[in-house]
Amino acid sequence: MRGGPALVRGPVRITLPDGRIVTSDRFVVAICMCRRSGIYPLCDTSHRRCRPH
């Protein structure tokens, strides 16, 4: 969906610019594309609250 997450096959390991590593062993992982997520770079569906009415 436009403005929503990118879905990738898991498991994933993401190295952030500051050197932290985020991992998920889920079968499908939602990667945040809007940067609103409280658990960035993983999606927490925050993009849903920002849709225009």
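Entry comment: accessible area of the chain is 83 Å² per residue, from protein heavy atoms only and a probe of 1.4 Å.
Compute the distance in nm between two label points, each set 7 Å from the Cα along the Cα-to-Cβ direction, one at Phe27 and one at Thr45. Between Phe27 and Thr45, the label points sit 1.9 nm apart. Among the protein heavy atoms of the chain, carbon and sulfur supply 52% of the accessible surface, probe 1.4 Å, non-protein parts ignored.
The stretch between Ala6 and Arg36 holds 9.4 nm of extra length on full extension. This uses 0.36 nm per residue minus the Cα-Cα distance. Taking θ as phi - 60° and the Karplus parameters 6.51, -1.76 and 1.60, the scalar couplings of the range 27-44 work out to 5, 10, 10, 9, 9, 5, 10, 9, 6, 8, 5, x, 10, 3, x, 8, 7, 10 Hz in sequence order, x denoting glycine and proline. Taken about its Cα centre, the chain carries a charge dipole of about 240 debye when Lys and Arg each add +1 at the Cβ and Asp and Glu each add -1 at the Cβ. Summing +1 for each Lys or Arg and -1 for each Asp or Glu, what net charge is found among the other residues whose Cβ lies under 13 Å from the Cβ of Gly10? Taking every Cβ under 13 Å from that of Gly10, the sum is +2.
The values are calculated or read from the model by the stated rules, or taken from the named source; none is laboratory data. Computed from a predicted model, the values in this text were never measured in an experiment. For neighbour counting, all protein chains shown are included, and Cβ atoms are generated from backbone atoms with ideal geometry for every residue, glycine included. Each accessible area value is taken on the protein alone, full model and side chains, heavy atoms only, with ligands, DNA and RNA left out. Shrake-Rupley method; radii C 1.70, N 1.55, O 1.52, S 1.80 Å.
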